[in-house]
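Heads up, the thing below is written out as structure tokens.
The values are calculated or read from the model by the stated rules, or taken from the named source; none is laboratory data. Every value quoted in this text rests on a predicted model; they were computed, and no experiment measured them. Neighbour counts are summed over all protein chains in view; Cβ atoms, including those assigned to glycine, are modelled from backbone coordinates with ideal geometry.
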Amino acid sequence: MTGHLWPGTFESFGSNAPSKNVPFPTTQANITAIEILALLSQSLKSPDLVFRLFSNGATRPIINKIINDVRELERPWPQNSSGIMVADMMRYSGYEVAGTPGRLAETKIDVGGFLTPCETGQLGQKVPREPVKFAHLAVDVKKMPEGEDALDLTLMVKYAVEHEEEEWGISLIMKSC
């Protein structure tokens, strides 16, 4: 693991995991579950995202296994920790009863307009957002998404890693939330 890119981030996903408040696109953006868990793992703190994952058939053990397989972690992410985090977000999003039928189409992978924790008021305060370079999303990812799991986000991150001299990133004109 390299130096700490985002001070104060939750260490379960590695000290370089991007912030839970990296904004989702405001327009349609198809991002696979594998891309999210590998490149934006702290997005699991977004109720919108957790609702989408579980509406589309994800389970806590599956999410836990994927995170442990794709992220370079200081130690394995415990199933109990993943269960607590995911259960809290499921309750926050209104998905309270086991077996609650999903309200999203299983083929829907659009995350456009999803809210981050600071946008849903989970933090109780406004925080500034820092620009995020796409290349930084690859730090501590031990297995990049491939095949059908690798859509535009993966392609942008790979391109940014291969062309570090170019400035590619998530909006440099981001509002505080």
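Quick look at the numbers
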quantity	calculated
The stretch 58-75, subset part of a helix (DSSP H, G or I) and not β-branched (Val, Ile, Thr), residue surrounded by the most Cβ atoms within 10 Å (Cβ to Cβ)	64
Given (1) aliphatic (A, V, I, L, M); (2) at pLDDT 90 or above; (3) under 16 Å from residue 25 (Cα atoms); (4) not in a helix (DSSP H, G or I), index of the condition residue 115 fails	(2)
Of all residues making up the stretch 86-112, the number that are surrounded by 14 or more Cβ atoms within 10 Å (Cβ to Cβ) and at pLDDT below 80	10
Single unsatisfied condition, residue 55 versus (1) crowded, with 19+ Cβ neighbours inside 10 Å; (2) touching a Leu at 6+ places or on another chain (Cβ under 7 Å); (3) modelled with pLDDT under 85	(1)
